[in-house]
1. Which of (1) under 15 Å from residue 10 (Cβ atoms); (2) open to solvent by 30 Å² or more (accessible area, probe 1.4 Å); (3) not β-branched (Val, Ile, Thr) is the odd one out, the single condition residue 70 does not satisfy?
2. What single numbered condition from (1) open to solvent by 50 Å² or more (accessible area, probe 1.4 Å); (2) of a type outside the set (Phe, Trp, Tyr); (3) not in a helix (DSSP H, G or I) fails to hold for residue 84?
3. Could you tell me whether residue 63 is closer than 15 Å to residue 9 by Cα, of a type outside the set (Lys, Arg), free of Cβ contacts under 8 Å to residues at least 24 places away in the same chain and in a helix (DSSP H, G or I)?
4. Applying the selection to the range 12-34, what residues are open to solvent by less than 30 Å² (accessible area, probe 1.4 Å) and free of Cβ contacts under 8 Å to residues at least 24 places away in the same chain?
5. Just the residues that are within 19 Å of residue 167 (Cα to Cα) and among the hydroxyl-bearing types (Ser, Thr, Tyr), please, taken from the range 216-236.
6. If I go through the range 87-110 residue by residue, how many of them are open to solvent by 40 Å² or more (accessible area, probe 1.4 Å), outside any loop (DSSP other than H, G, I, E, B) and either in contact with a Lys or Arg (Cβ under 7 Å, 6 or more places away or on another chain) or under 16 Å from residue 62 (Cα atoms) (or both)?
Amino acid sequence: MMLLVLKLVLAHAIGDFVLQPEKWVIDKASKKHKSKYLYYHILVHAIALIVALQFDFNYWLGILSILASHYIIDLIKINLTEKVNARLLFFLDQIAHLIIIVLVALAYTSYSIDFSEIYSKNNIAFLLSIIAISSIAPVVMRLMMSQWVIEEDNTDHSLEKAGKYIGILERLFVFGFIILNQWSAIGLLITAKSVFRFGDLSKSKNRKLTEYVLIGTLVSFGIAIAVGLAYNYVVKLD
């Protein structure tokens, strides 16, 4: 099943991203179902599917199902462009396409889902680790850092919630490096962050701000390292 899914996803990626010029996207958004590029887009998908499936026309029903669903999903997306947040619409659109692909693959294979594997120790430990890094860690850090109130220069020039997302991403990277046993990469990540922050800290000439950022960084990395080590320990248990 996995090979079939990969072939279908490859065809989808080529049709939706590689061979879809920005001109087509703009024209579809303005003319909707009357845009000729909508039908060019479906044709490109048809060719990509046929090539990815190595011209095996035993999959003709699956190909038609994917093409028809792709047309319907794209029409829905086009008509919701001005009503729904663009980021949300993009992800919903891609998820819908992937669901159809998986359903088509399931129709051609005798694949059964083993729920005992889904709820295995390793999967639950991994999910708990991700939750700890992305949702629990920010709360812990906010409580720990709340004893200090530091006003950073030019906060109006900062992206909204950028610090929160940067922290989550850096902890995810650290966690990934640990479970892959790539400790040296963590040092490179710390160095990269230090380089980016050095300019701001040197310009501000604010020792308190420097100490605040350093403490926050060490706490963030410390939490990620602790979670990564805990995950590795749980995985190794019998």
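1. With (1) under 15 Å from residue 10 (Cβ atoms); (2) open to solvent by 30 Å² or more (accessible area, probe 1.4 Å); (3) not β-branched (Val, Ile, Thr) applied to residue 70, the lone miss is (2).
2. All conditions are met except number (1).
3. Judged against the criteria, residue 63 is a match.
4. Listed by number, the list holds a single entry, 27.
5. 217, 220
6. 8
The values are calculated or read from the model by the stated rules, or taken from the named source; none is laboratory data. Note that this is a predicted model, so its numbers are computed, not measured. All Cβ positions, glycine included, derive from the backbone under ideal geometry; neighbour counts span all protein chains shown. With ligands, DNA and RNA removed, areas are computed over all heavy atoms of the protein, side chains included. Shrake-Rupley method; radii C 1.70, N 1.55, O 1.52, S 1.80 Å.
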